[in-house]
Amino acid sequence: MVQTFLKIYDYFRRNTRSLYVLLALCVILAAGGLFLLNFDEDVSGFLATGKEHERIGYAYRNIGGSNKIIVSIGMADQTKETDPGLLMEAADHLAVLLEKEPVREHIKAITYKADPVLTLEVSDFVTNYMPYFLEEEDYARIDSLLQPHMMEQRMAGVKQTLLSPAGMMLRNTLLTDPLLFSGPILQRLEGFRPSEHFTILSDYIFAGDGSEVVLTIDSQYPAGDTGNNKKLIRAIDQAIEETIPAFENKVSVTPFGAAYIALTNAGRLRKDTWISVAIALMVIGILLAFYFRSARQIMLIGASILAGSLFAFSMAGVLTSSLSLIAIGAGSVIVGIAVNYPLHFLSHTREGYTPRQTLADIVPPLTTGNITTVGAFLSLLFLSSPAMRGFGLFASLLLLGTIL
């Protein structure tokens with residue numbers, strides 16, 4: 001093994017032009033592979049995958065309203081009396097902006113009004129299948145309603161209702177159930193309301209105290225997909241910025257939801273990743289400067305680490321479609337291991353050994369150590385967590401690229 005490396009060294013020492021051409025070609029190919037890599041900011045990547053954990057992962061990403069963004073529209077001056085009409089107009093204005101392309105392609109649904117058609121469908125369903133919903137006390141009430149004087153009163157009330165504006169909405173129900181046997185049954189359905197924190201006013205969904213209109217946006221993507229949700233959130237923020245001045249700053253519009261939290265966490269994660277890498281490089285640079293006191297040797301070590309990093313990113317782009325930023329942040333620890341390879345070489349040459357003698361001395365121990373270390377990180381590829389597999393792949397490629 002030592003003789004193989006020495007022959008490679010002797011060949012490139014005699015043919016330096018070939019060395020530079022090969023180096024340039026490797027850099028170009030590595031840069032091309034780098035463009036194939038996508039960076040993943042989804043924390044759920046640390047969750048296990050597989051059939052047993054697939055449902056848990058799906059629930060984490062899609063269930064429980066994690067893909068919903070809630071927008072509350074209230075009065076900017078909380079001391080003033082709430083103007084429901086103004087809030088309704090603001091909600092309509094915001095919804096119209098969100099319905100436009102290209103933001104609409106990121107939205108699954110926008111809800112801020114109760115659907116009267118759906119209400120009528122429920123009413124018709126209950127009326128058509130009324131016997132299945134009747135309870136014991138309903139039969140006693142029906143007996144009293146079938147009395148002649150009660151029927152006369154009810155029919156007079158039905159006539160008045162049909163002549164009123166509400167008659168158009170209630171016409172089918174009144175024709176099917178003129179004595180309104182289904183009334184108490186429909187009232188009992190109110191027990192199925194998901195929350196008492198909301199109320200309906202002129203078909204608009206308000207907060208329970210009536211101070212805010214609540215608009216719900218269903219994102220096309222789970223909360224962890226921060227890349228696509230970032231486009232949606234930017235569009236929502238822009239629509240909000242256009243809505244508030246349109247109403248002379250009399251309304252306040254506040255968005256919140258899991259997608260906003262995930263995007264903030266991803267930004268913090270990205271920032272922490274580069275900070276951790278920068279701190280690691282700075283500490284290593286200070287220690288190397290104190291030991292070598294030579295800018296050239298420090299630059300050679302930095303070039304080795306840079307080449308290893310470029311190799312790791314490019315090969316990761318070829319071998320996998322995405323790499324977790326958390327894995328890269330943890331990879332800053334691996335820089336401390338990778339720096340040992342050029343450090344051993346330069347330490348030997350600093351003691352007076354020639355490069356060829358240095359290679360003969362350090363190839364066996366460094367190669368053996370690299371194989372064991374890379375093998376340890378490659379064992380992470382057998383884990384069911386995508387992020388941990390990404391960390392193992394990135395760390396092993398970084399060490400392999402640096403020693404090469």
>> Name the single residue that is surrounded by the fewest Cβ atoms within 10 Å (Cβ to Cβ) among those in the stretch 368-404 being modelled with pLDDT of 80 or more and β-branched (Val, Ile, Thr).
In response: Thr372
>> Tell me the residue from Arg350, Arg296 that is under 25 Å from Ile279 (Cβ atoms), of a type in the set (D, E, K, R) and either touching a helix residue (DSSP H, G or I) at 6+ places or on another chain (Cβ under 8 Å) or surrounded by fewer than 18 Cβ atoms within 10 Å (Cβ to Cβ) (or both), please.
In response: Arg296
>> Looking for something touching a Phe, Trp or Tyr at 6+ places or on another chain (Cβ under 8 Å), surrounded by 14 or more Cβ atoms within 10 Å (Cβ to Cβ), assigned to a helix (DSSP H, G or I) and at pLDDT 70 or above - is there at least one such residue anywhere in the stretch 63-80?
In response: no
> Among the listed residues Gly302, Gly308, which satisfies the condition of being of a type outside the set (D, E, K, R), surrounded by 16 or more Cβ atoms within 10 Å (Cβ to Cβ), in contact (Cβ under 8 Å) with a residue 24 or more places away in the chain and over 30 Å from Leu232 (Cα atoms)?
Replying inline: Gly308
>> List the helices (runs of 4 or more DSSP H) inside the stretch 305-404, counting only whole elements, that have at least 3 residues being under 25 Å from Thr4 (Cα atoms) and polar (S, T, N, Q).
In response: 340-350, 355-378
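The values are calculated or read from the model by the stated rules, or taken from the named source; none is laboratory data. Quantities reported herein were computed from a predicted structural model and do not represent experimental measurements. For neighbour counting, all protein chains shown are included, and Cβ atoms are generated from backbone atoms with ideal geometry for every residue, glycine included.
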